[in-house]
1. Name the residue, out of Arg202, Arg210, that is modelled with pLDDT under 95, among the basic types (Lys, Arg) and over 15 Å from Ala123 (Cα atoms).
2. Count, please, the residues in segment 296-336 that happen to be in a loop (DSSP other than H, G, I, E, B), at positive phi and modelled with pLDDT of 95 or more.
3. Please find, within segment 87-144, the residue that is surrounded by the most Cβ atoms within 10 Å (Cβ to Cβ) out of those that are acidic (Asp, Glu) and not in a helix (DSSP H, G or I).
4. Just one of (1) under 19 Å from Met229 (Cβ atoms); (2) open to solvent by 60 Å² or more (accessible area, probe 1.4 Å); (3) at pLDDT 95 or above trips up Tyr173, so point out which.
5. Can you find a residue in segment 56-67 that is without any contact (Cβ under 8 Å) to a residue 40 or more places away in the chain, over 25 Å from Met1 (Cα atoms) and outside any strand (DSSP E or B)?
6. Does Asp46 satisfy the condition of being out of contact with any Gly (no Cβ under 7 Å at 6 or more places or on another chain), part of a strand (DSSP E or B), under 18 Å from Thr105 (Cβ atoms) and free of Cβ contacts under 8 Å to residues at least 40 places away in the same chain?
7. Checking Trp17 against (1) at pLDDT 95 or above; (2) surrounded by fewer than 18 Cβ atoms within 10 Å (Cβ to Cβ); (3) not hydroxyl-bearing (Ser, Thr, Tyr), only one condition comes out false. Which one?
8. Which residue pairs have Cβ atoms closer than 8 Å, lie 6 or more positions apart in sequence or on different chains, and pair a first residue in segment 317-341 that is open to solvent by less than 30 Å² (accessible area, probe 1.4 Å) with a second residue that is in a loop (DSSP other than H, G, I, E, B) and of a type in the set (S, T, N, Q)?
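The values are calculated or read from the model by the stated rules, or taken from the named source; none is laboratory data. All values reported here derive from a predicted model rather than from experimental measurement. Here the Cβ positions follow ideal geometry from the backbone for every residue, glycine too, while neighbour counts run over all protein chains shown. Ligands, DNA and RNA are stripped out before the accessible areas are found, and what is left, the full protein with its side chains, is counted by its heavy atoms. Shrake-Rupley method; radii C 1.70, N 1.55, O 1.52, S 1.80 Å.
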Amino acid sequence: MKQITLENLHCTKTEDWLGSDECRLEVYNDGELHFAYRQDLNNDQDWALNASLLFSSSCTLRLFDEDGDFPGDDDDALGIAAIAAVDTQHATVTFREDDADYTLTYSVVDRPDITESDLATFAIDQFEASTAPSMWPGLDKAQIIADLRERRWNPTSINQVNSNFCGPTSITYEMARTQPRRYVDIVRQLFETGGFWSRTHRVDAPEGLRATQAGQNMKPADWMLIATMRNDENAIFGVSPTSTGVQSMVEGMTTPWEMEGWTSELLLKDNVSNSTTFVWGEFDAIRYAHQVWAGGGSSFVMVHSDIFSAPNGIVPPWPDHWVVYAGGLDESGGRIKFNVYSWGQIYSLDLSLDHFENCMFGIVTGF
């Protein structure tokens, strides 16, 4: 494992004619967006980053001047630098596109003491040591760090509790389970900058949400990320930490198309699809969900929450809950069995075929 330390970014000449550049330095480690740093810089100014990150075989740096607040005024790409996995001290790379002139100083050292499985723990340690101010004054950083350490080794502890945020909670669980370092990095970005970068765009928490304490009895790390995801998708209703009843249901409603978007943008899946089973196709859908899961992909199942209890009357003909498929498919003995994640635990479902058909409404998959 290699560790790159981004030491200093010097601005010799800005891209903007007047005033500072709104710099965004993106770090891609092993092909994955690891972190994005931001700082305004003017001519002859320095930015002491002093940020360390780990990579295995490749590290790519991309520098932008953020100008995307107005239509037609996209961010300006100032350059790309590929960093070799070779030890070096105080080396430099330059970014000189679009008439700008920036020089980054960095070092790379070998870290044989850190393995792939330690990357998320290292990211948590870096977050804990960071002195960047919080954008969430109502949340305690020490508690968020404690939440992350628990979720690093037990992602099932992620829990929507009283909220109706089953969709974004399912995505968050799957990210923590399969991409723990990315999960930690996104939580850190959100805490320190008020937003985070998905695959193609930035997701920001509005000031009103950032002023709240953790809501719906959720842990702070869960509330901060999951509520931001849900709020970003809501066109009319913002997210409230204390909503109940119909308001809570409306705030938390998640469509298959939103699940598709999160699967692509946050889980970085290239092949994403959804299949609804309101009329037929339940058994084919759950078999395909198992196939994707067994191949290392992610599968989400849209159900009615009556699926967690024995049949008792007529199941409403609409879904009200998302779960994460977790293997164990067994269709023997005239019943159907499989495992799902929801509400902070793994459930082993053992259903009659009729009850399964009545409670199953579709899947979203990504690989």
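1. On the way: Arg210 fails: modelled with pLDDT under 95.
So the residue among Arg202, Arg210 that is modelled with pLDDT under 95, among the basic types (Lys, Arg) and over 15 Å from Ala123 (Cα atoms) is Arg202.
2. From segment 296-336, those in a loop (DSSP other than H, G, I, E, B) are 296-297, 304, 309-320, 326-329, 331; that's our starting set.
This time we only want the ones that are at positive phi, so: 296, 313, 327-328.
Within this subset, residues satisfying the condition of being modelled with pLDDT of 95 or more are 296, 327-328.
Total meeting the criteria: 3.
3. Filtering segment 87-144 down to residues acidic (Asp, Glu) leaves 87, 97-99, 101, 110, 113, 116, 118, 125, 128, 140.
Still in the running and not in a helix (DSSP H, G or I): 87, 101, 110, 113, 140.
Details: Asp87: 12, Asp101: 17, Asp110: 12, Asp113: 7, Asp140: 14.
Top of the filtered list is Asp101.
4. Looking at each condition in turn, Tyr173 falls short on (2).
5. The answer is no, given that none of the residues of segment 56-67 is without any contact (Cβ under 8 Å) to a residue 40 or more places away in the chain, over 25 Å from Met1 (Cα atoms) and outside any strand (DSSP E or B).
6. Values: out of contact with any Gly (no Cβ under 7 Å at 6 or more places or on another chain): yes; part of a strand (DSSP E or B): yes; under 18 Å from Thr105 (Cβ atoms): yes; free of Cβ contacts under 8 Å to residues at least 40 places away in the same chain: yes.
Against the criterion (out of contact with any Gly (no Cβ under 7 Å at 6 or more places or on another chain), part of a strand (DSSP E or B), under 18 Å from Thr105 (Cβ atoms) and free of Cβ contacts under 8 Å to residues at least 40 places away in the same chain), Asp46 qualifies.
7. (1)
8. As it stands, the answer is Trp322/Thr254, since those pairs meet every condition given.
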